[in-house]
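Everything below concerns the one structure shown next.
The values are calculated or read from the model by the stated rules, or taken from the named source; none is laboratory data. Remember, predicted model here, so these are calculated numbers, not experimental data. Every residue, glycine as well, gets a Cβ built from its backbone with ideal geometry; the counts of neighbours run over all protein chains shown. Calculation scope for accessible area: heavy atoms of the full protein, side chains included, ligands and nucleic acids excluded. Shrake-Rupley method; radii C 1.70, N 1.55, O 1.52, S 1.80 Å.
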Amino acid sequence: MITQERYRTTVKELLANGSIKMAIGYKPGSTPDRRRPLFIRTSEEAEQLVLDSTCVQNLSGYLVSEGLLSDEKRVGIFLRPEGVRSINILAAEYQLNADQIVIFGFDSTGREVRPLDGRSAREFSGLLNELKEKPLQIYKEPLLERIEKMNAKERFDFWQEEFSRCIKCYACRQACPMCYCRRCIVDSNQPQWVNTSSHTLGNFEWNIVRAFHLSGRCVQCGNCDRACPVNIPLRLINQRMANEVLDGFDHFAGLSATQEPVLASFKKDDTETFIL
Amino acid sequence: MSELFEPKIVAFVCTYCTYAGADLAGTSRLKYAPNVRIVRLPCTGRISPMFILKALQKGADGVLVSGCHPGDCHFTHGNYHARRRWMVFRALLDFTGISPERVKFSWISAAEGSKFADLINSVTEDIRNLGPFDQYQQLIKETESPATL
């Protein structure tokens, strides 16, 4: 509660003195444990701001809305550490200018919410480097380990079962801050790379290609996982790929705004054990 | 006696090295397994993982991707980018249960005609041992619009 009040005051101050034109935060949703995004432009709107442990959505995707940042004014946003990583990736991919983003950082343990120090993405680098050093805690997931122990056939059956439920609503894409392409590969129809009907084969195509496009970019915010109406454990694939780039290329996505995207860079001595 | 299974293999090759290598194999009159369909592309960096997926979805039993040796790329570093992409993509295939054995990668230069012929033979043999890609072929049937290679 104290954190919420403090941030409410800060947002009002910054809006009043013109240092930000808008702040993106959370307001109550349709049920007590749900939150929806709040776009604060006036101090009255700031009254609706809620900040507690149920504020889990990564809001950074709203920053790349068309025209929002083009007037070069600054925008404030409430972010957890993984949200700050998203900002860094978006900046590294030239989707936004990190200096335009004022961060209201927070994190929660249990029901307790605590503010994080720093207002710009740069000031979070210490915290993010700590996250990189202890990634095992983030990436260890019992189900992920179970899948890795399966043989290929069991894994295929597992994913076939999961993907057969997919209805191709693309909620995962809409929820993902990294899926900002103007024209997604599934929307392109000449050639038609991904089948649009939701048969299992097409669902395999879609989910594999999305996971590939997120390799080395996903920050495990869990937006896709929560958005999925049929509860496909999408976070598992994305976590597996994050582990892969961390082990293979020592790449932890979103450490800084100048970090090179892992699949857009290379080293001459990259491993190539699998090449005949 | 049942008939020997003849796998369908799609090879995505770069025009400057592996395609020239395949050409050399041809002009040197080397004999190799006829199971491979070659698709020529400007560079391995041009080979999107989408191509590999598409080949499997259209009924290929195996895919071969081949290009210039590291350092020999016509575009200086297309194959370095491709190498990273493949490594990640292989892990992804493995994790989703599509056997990475079905997708082979290699470096073949324009001078390695005999390596090309040997590779095609060994890849064909490997895929033949793995058998048809039943899991995908079942899924293709379910789509009601099976497109065959």
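Could you tell me which residue of region A:215-235 is nearest to the other protein chains (Cβ to nearest Cβ), considering only residues that are surrounded by fewer than 22 Cβ atoms within 10 Å (Cβ to Cβ) and part of a helix (DSSP H, G or I)?
A:Arg235
Got at least one residue in region A:39-48 being among the hydrophobic types (A, V, I, L, M, F, W, C), more than 14 Å from the chain's Cα centre (by Cα), farther than 23 Å from A:Ile2 by Cβ and open to solvent by 50 Å² or more (accessible area, probe 1.4 Å)? Before you say what the answer is, go through the steps one by one.
Step one: of region A:39-48, the residues among the hydrophobic types (A, V, I, L, M, F, W, C) are A:39-40, A:46.
Checking the rest, the ones that are also more than 14 Å from the chain's Cα centre (by Cα) come to A:39-40, A:46.
Keeping just the survivors that are farther than 23 Å from A:Ile2 by Cβ gives A:39.
Still in the running and open to solvent by 50 Å² or more (accessible area, probe 1.4 Å): A:39.
Among the residues of region A:39-48, at least one is among the hydrophobic types (A, V, I, L, M, F, W, C), more than 14 Å from the chain's Cα centre (by Cα), farther than 23 Å from A:Ile2 by Cβ and open to solvent by 50 Å² or more (accessible area, probe 1.4 Å), which makes the answer yes.
Out of the residues in region B:73-97 that are more than 7 Å from every other protein chain (Cβ to nearest Cβ) and either closer than 23 Å to A:Asp247 by Cβ or in contact with a Phe, Trp or Tyr (Cβ under 8 Å, 6 or more places away or on another chain) (or both), state the one that is surrounded by the fewest Cβ atoms within 10 Å (Cβ to Cβ). Can you show your working first?
If we filter region B:73-97 for residues that are more than 7 Å from every other protein chain (Cβ to nearest Cβ), which is where we start, we get B:73-76, B:78-79, B:82, B:86, B:93-94.
Within this subset, residues satisfying the condition of being either closer than 23 Å to A:Asp247 by Cβ or in contact with a Phe, Trp or Tyr (Cβ under 8 Å, 6 or more places away or on another chain) (or both) are B:73-74, B:79, B:82, B:86, B:93-94.
Working: B:Cys73: 21, B:His74: 14, B:Asn79: 26, B:Ala82: 26, B:Trp86: 22, B:Leu93: 22, B:Asp94: 18.
Residue satisfying both the conditions and the ranking: B:His74.
On the basis of being within 9 Å of chain B (Cβ to nearest Cβ), within 24 Å of B:Gln57 (Cα to Cα) and either in contact with an Asp or Glu (Cβ under 7 Å, 6 or more places away or on another chain) or not in a loop (DSSP other than H, G, I, E, B) (or both), does A:Val209 make the cut?
Working: within 9 Å of chain B (Cβ to nearest Cβ): yes; within 24 Å of B:Gln57 (Cα to Cα): yes; either in contact with an Asp or Glu (Cβ under 7 Å, 6 or more places away or on another chain) or not in a loop (DSSP other than H, G, I, E, B) (or both): yes.
In short, yes.
Could you look through region B:16-38, keep only residues that are assigned to a loop (DSSP other than H, G, I, E, B) and without any contact (Cβ under 8 Å) to a residue 40 or more places away in the chain, and pick out the one that is nearest to B:Asp134 (Cα to Cα)? Spell out the reasoning first.
At the first step, the residues of region B:16-38 found to be assigned to a loop (DSSP other than H, G, I, E, B) are B:16-17, B:28-35.
Then keep just the ones that are without any contact (Cβ under 8 Å) to a residue 40 or more places away in the chain; that gives B:29, B:34.
Working: B:Arg29: 34, B:Pro34: 21 Å.
The extreme case among them is B:Pro34.
Looking at region B:78-95, can you tell me whether even one residue there is in contact with a helix residue (DSSP H, G or I) (Cβ under 8 Å, 6 or more places away or on another chain) and in a loop (DSSP other than H, G, I, E, B)?
no
Is it true that B:Leu53 is in contact with an Asp or Glu (Cβ under 9 Å, 6 or more places away or on another chain), without any contact (Cβ under 8 Å) to a residue 12 or more places away in the chain and farther than 25 Å from A:Asp269 by Cα?
Details: in contact with an Asp or Glu (Cβ under 9 Å, 6 or more places away or on another chain): yes; without any contact (Cβ under 8 Å) to a residue 12 or more places away in the chain: yes; farther than 25 Å from A:Asp269 by Cα: yes.
It is true that B:Leu53 is in contact with an Asp or Glu (Cβ under 9 Å, 6 or more places away or on another chain), without any contact (Cβ under 8 Å) to a residue 12 or more places away in the chain and farther than 25 Å from A:Asp269 by Cα.
Looking only at region A:230-276, count how many residues are closer than 29 Å to B:Cys73 by Cβ and basic (Lys, Arg).
So the count comes out to 2.
Could you grab me the full set of residues in region A:42-87 that are over 28 Å from A:Glu130 (Cβ atoms) and either out of contact with any helix residue (DSSP H, G or I) (no Cβ under 9 Å at 6 or more places or on another chain) or not in a loop (DSSP other than H, G, I, E, B) (or both)?
Correct list: A:Ser43, A:Glu44, A:Glu45, A:Ala46, A:Gln48, A:Ser65, A:Glu66, A:Gly67, A:Ser70, A:Asp71.
Report whether or not B:Ser145 is modelled with pLDDT of 90 or more, of a type outside the set (A, V, I, L, M), surrounded by fewer than 20 Cβ atoms within 10 Å (Cβ to Cβ) and farther than 21 Å from A:Lys153 by Cα. Working first, answer last.
Values: modelled with pLDDT of 90 or more: no; of a type outside the set (A, V, I, L, M): yes; surrounded by fewer than 20 Cβ atoms within 10 Å (Cβ to Cβ): yes; farther than 21 Å from A:Lys153 by Cα: yes.
No.
Among what's in region B:100-135 and is in a helix (DSSP H, G or I) and among the acidic types (Asp, Glu), pick the residue that is nearest to B:Arg85 (Cα to Cα). Quick ask: steps written out before the conclusion?
As a first pass, look at region B:100-135 and keep what is in a helix (DSSP H, G or I): B:100-102, B:113-130, B:134-135.
Remaining after also requiring among the acidic types (Asp, Glu): B:101, B:118, B:125-126, B:134.
Numbers: B:Glu101: 17, B:Asp118: 25, B:Glu125: 26, B:Asp126: 23, B:Asp134: 26 Å.
Here the residue is B:Glu101.
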